[in-house]
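K.L.:
Before I ask anything, let me first share the structure, which is written out below as structure tokens.
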Amino acid sequence: MGIKKHTVLFFSLFVSLISFCFSQNLDSLKTAASSQRNDTNKVQILNKLAFGHYQSGNFDLALQFAKNAEELSLKLNFKHGEALANKTIGNVYNFQSKYSEALACHFKALKIWKEENNNDGIGKCYMNIGNVYSNLAKYTLSLEYYLNALKKAEETGNKELMIVCYSNMGIMYNAVGDHKSALKYFTKDLDVGIERGDSSRIGEALTNVGITYYKMREFEIALSKLLEGQKILNNTGNKNATAACYLNTASLYGTTKHPEKVVEYSLKALRIFNEIGNQIGMGLCYQNIASCNGDLKNYKSSLIYCDSSLQISKKIGDINMEREIYLIYARSYAALNNYKLAYEFHVKGKQLTDSIFNVENSKEIGDLKTQFEVDKKEAELKVKAEAQEAINEGEKKRQVFITYAVGFVLLIVIIFSGLLYKRFRLTNKQKLIIVEKSNEVAEKNKSIMDSIYYARRIQSSLLPTEKYIKRILNKKDKNA
């Protein structure tokens, strides 16, 4: 089946581009913009409107609001607003396949963010530039900017940017045939989506996982992932991602020899891309149908769809799409016994293929990957060193605190001991006084008791005893 690698690669990328979601009510923002005076607040509202329409696929309105935001930003010398406007304009141009204009806008935004030392903006610009280079099939440059974006995201802890980088890194690893690494990054993306309960993110990640299994020729798993992602995306209103999933499902059915399914899903995708004006999507749908008609031996019909796809590929400058179409032309003309044209188209396709996938490109990509791993390891070591330094500094502060705390406690103990000693002395003094008083009282009591006892002894010696009195009385009685 002639449905090629580029069809799958682009829409993996396409899905990852729409990860930043827009939740504000566009109508309320329009009302706010119309009543707002021309200041930086209005610029912010215009940029939100532009971004919202960009997310929903209304590219004309997105451009209108973004250009209004840029114009007002220039009048106000509001650099932040100007950079945001250029970012949206660049993304719209990228979807419209106006790649040179897209790059100009993204580099303009990048310059502003660098002047303002805005690391978050710099990281997003790197990612957007990588997206454009990917669509231009300049994979070495694309991967370089994705690596820069991922490094910046990890430095700043920007989770959202890291998620998009995971997808785009996976795409690049798929492009160079490292499907194991691609699956690792797409799985990271899926895990984040599940953790956050983000249906759109889950659907996009499942699409990318399905594509990777498709490239690994594990078709049963690939189809289950794509259909699962498709079901989720249908309920999110994410038109771009839904169409991408349809087209990738068509590619899978092409490989497994189900041409009627290829046409069915390609037409589903074509309707959506035509609705939102996405020329790349339309061109790739025409390419799929052209290839499928060739397999069904409808060669004249295949050539008609080739013409439609080639016209779009030349218009937007997509050499990857162009090379695929040349190869489909060659097969169809060869089947029609027009070997001269078949050879000419085959040579054109081969030349473009060689210009894109050459040994030097693969070497550069490998070098960039190695350098990134080295830089990442250095960054990890630096973070660990800084963490250890922070721990040591914290330990020093803790020791100082403990020293002061112990000193303070000792001071309190000394003061308290002094008070206790003073109290003890006072108590002893009072005790001595009480003892002295008690002794004096006891002495007085003793003197009194001694006097009493002395008086009693005197009294006892003067008074006759009872026996003596009785004897005298008895004697008198006898005498009587």
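The values are calculated or read from the model by the stated rules, or taken from the named source; none is laboratory data. Values in this document were obtained by computation on a predicted structure and should not be read as measured data. When we count neighbours, we look across all protein chains shown, and the Cβ atoms used for this are built from the backbone with ideal geometry, even at glycine. Surface areas here come from the heavy atoms of the whole protein model, side chains and all, with no ligands, DNA or RNA. Shrake-Rupley method; radii C 1.70, N 1.55, O 1.52, S 1.80 Å.
K.L.:
Mind checking the log10 I(q)/I(0) for the stretch 73-204 at q = 0.10, 0.12, 0.17, 0.19 Å⁻¹? Debye, one equal scatterer per Cα, no solvent, two decimals.
P.N.:
The computed values of log10 I(q)/I(0) come out as -0.33, -0.48, -0.92, -1.10.
K.L.:
With a 1.4 Å probe and all protein chains left in place, how much of the accessible area of the stretch 59-99 comes from carbon and sulfur atoms, in whole percent? Display every interim value, and only then the final one.
P.N.:
On the way: 760 of 1550 Å².
Result for the stretch 59-99: 49 percent of the exposed heavy-atom area is carbon or sulfur.
K.L.:
Could you give me D for the stretch 166-300, from Stokes-Einstein at 10 °C and 1.306 mPa s, where the hydrodynamic radius is the Kirkwood radius over C-alpha pairs? Units µm² s⁻¹, please.
P.N.:
Value of D from the Cα-based Kirkwood radius: 106 µm²/s.
K.L.:
Let me ask another. Is the C-alpha gyration tensor of the stretch 99-151 telling us rounded, prolate or oblate? Criteria: a/c under 1.5 is rounded; beyond that, a/b larger than b/c is prolate, otherwise oblate.
P.N.:
oblate
K.L.:
Then there's this: To the nearest 10 Å², what's Phe65's accessible area with a 1.4 Å probe?
P.N.:
30
K.L.:
Relative to the present Cα-Cα distance, how much length would full extension add between Leu76 and Asp295 at 0.36 nm per residue of separation?
P.N.:
Fully extending the segment from Leu76 to Asp295 adds 72.9 nm.
K.L.:
In addition: Let me know the shape class of the stretch 265-308, please: from the alpha-carbon gyration tensor, a ≥ b ≥ c as square roots of the eigenvalues, rounded when a/c is under 1.5, otherwise prolate if a/b is greater than b/c, or oblate.
P.N.:
Values: a/c = 3.26, a/b = 2.04, b/c = 1.59.
Note, shape of the stretch 265-308 comes out prolate.
K.L.:
Further question on the same structure: Assuming R0 = 22 Å, can you tell me the calculated FRET efficiency for the pair Lys159 and Glu116, based on Cβ-Cβ distance, to the nearest 0.05? If you can, show how the numbers build up before the last one.
P.N.:
Working: r = 22 Å, r/R0 = 0.99.
After rounding to 0.05, the efficiency reads 0.50.
K.L.:
What does the extension gain come out to for Val347 and Ile304, with contour length at 0.36 nm per residue minus their alpha carbon separation? Kindly include the intermediate steps, with their values, before the conclusion.
P.N.:
On the way: separation 43, 0.36 × 43 = 15.48 nm, distance 2.04 nm.
Result: 13.4 nm gained on full extension.
K.L.:
What value in Å³ per residue do you get for the convex hull of the alpha-carbon atoms in the stretch 168-228? Numbers along the way, then the final one.
P.N.:
Numbers: hull volume 3.8 nm³, N = 61.
Normalising the Cα hull of the stretch 168-228 by residue number yields 62 Å³.
K.L.:
Under a plain spin-label model, where a point goes 7 Å from the Cα along Cα-to-Cβ, how far apart in nm are Glu195 and Ser100?
P.N.:
4.3
K.L.:
Can I ask one more? Reported to two decimal places, what Rg/Rh ratio describes the stretch 262-344 when computed on Cα atoms with Rh from the Kirkwood expression? Please report the intermediate quantities before stating the final value.
P.N.:
Details: Rg = 12.4 Å, Rh = 12.6 Å.
Expressed as Rg/Rh, it is 0.99.
K.L.:
How much solvent-accessible surface does His80 expose, in Å² to the nearest 10, with a 1.4 Å probe and all protein chains in place?
P.N.:
Taking all protein chains as shown, His80 has close to 60 Å².
K.L.:
Rounded to the nearest 0.05, what FRET efficiency is calculated for Tyr339 and Gln311 with R0 set to 25 Å and r the Cβ-Cβ distance?
P.N.:
0.55
K.L.:
Then there is this: May I ask you to give the solvent-accessible area per residue for the stretch 266-361, in square angstrom, as obtained with a 1.4 angstrom probe?
P.N.:
Here the residues of the stretch 266-361 average 47 Å² of exposed surface.
K.L.:
Regarding the stretch 222-309, what is the average projected area of its C-alpha convex hull, in nm²?
P.N.:
Projected area, direction-averaged: 5.2 nm².
K.L.:
May I ask you to compute the full-extension gain from Asp39 to Thr187, defined as 0.36 nm times their residue separation minus their alpha-carbon distance, rounded to one decimal in nm?
P.N.:
Extra length from Asp39 to Thr187 when fully extended: 48.9 nm.
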